[in-house]
């Protein structure tokens, strides 16, 4: 599931993990796992991060061309170095009739949300997307679901989190966190 934020790249605090490529991801995961002394913790961490690695390894050309990845636990990972151009939007005849004509990989940041489809996206993942959008400073009007941009995707792709963000836009992060805790 992908969402797209239209606008310039912005710097985000260090709370997001940097994962620059599949190779870096695997190296980073190996380093994390190898530094853990408790074998049970090592395997638990490996199991938690396996879906992220699997998604990275199973994309076209082995690369996930998005700036951000949100895993099933709601953790946000940087998928590309700051300022890098992604490859999350297909242009030309792939753009929907409603997509802004100036939207491109150069003018957007992509977010991959680890899920089977839009129905499988968890509230915690949408909350993480909400926090990311707020941290990056994007206006509500510059947030799109992937299905709104590219006609080769299901038109619902990205809508669950976009709706979540829209419905909670005027609330603080703390207020939204309390709502998510009660879901």
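The values are calculated or read from the model by the stated rules, or taken from the named source; none is laboratory data. Computed from a prediction, not measured in an experiment: that's the story for all the values here. Every residue, glycine among them, receives a Cβ derived from its backbone with ideal geometry; neighbour counts consider all protein chains shown.
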Please find, within segment 166-183, the residue that is modelled with the lowest pLDDT out of those that are closer than 13 Å to residue 122 by Cα and in contact with a helix residue (DSSP H, G or I) (Cβ under 6 Å, 6 or more places away or on another chain). 183
Kindly establish whether residue 115 is under 16 Å from the mean Cα position of the chain (by Cα), surrounded by 13 or more Cβ atoms within 10 Å (Cβ to Cβ) and touching a residue at least 12 places away in the same chain (Cβ under 8 Å). yes
Conditions (1) more than 22 Å from residue 102 (Cβ to Cβ); (2) surrounded by 13 or more Cβ atoms within 10 Å (Cβ to Cβ); (3) more than 13 Å from the chain's Cα centre (by Cα): number failed by residue 170: (2)
Out of 136, 132, sole residue that is buried (at least 20 other Cβ atoms within 10 Å of the Cβ), within 14 Å of residue 66 (Cβ to Cβ) and in contact (Cβ under 8 Å) with a residue 24 or more places away in the chain: 132
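Pick out the one residue from 97, 38 that is loosely packed, with under 15 Cβ neighbours inside 10 Å and either modelled with pLDDT of 65 or more or touching a helix residue (DSSP H, G or I) at 6+ places or on another chain (Cβ under 8 Å) (or both).
97
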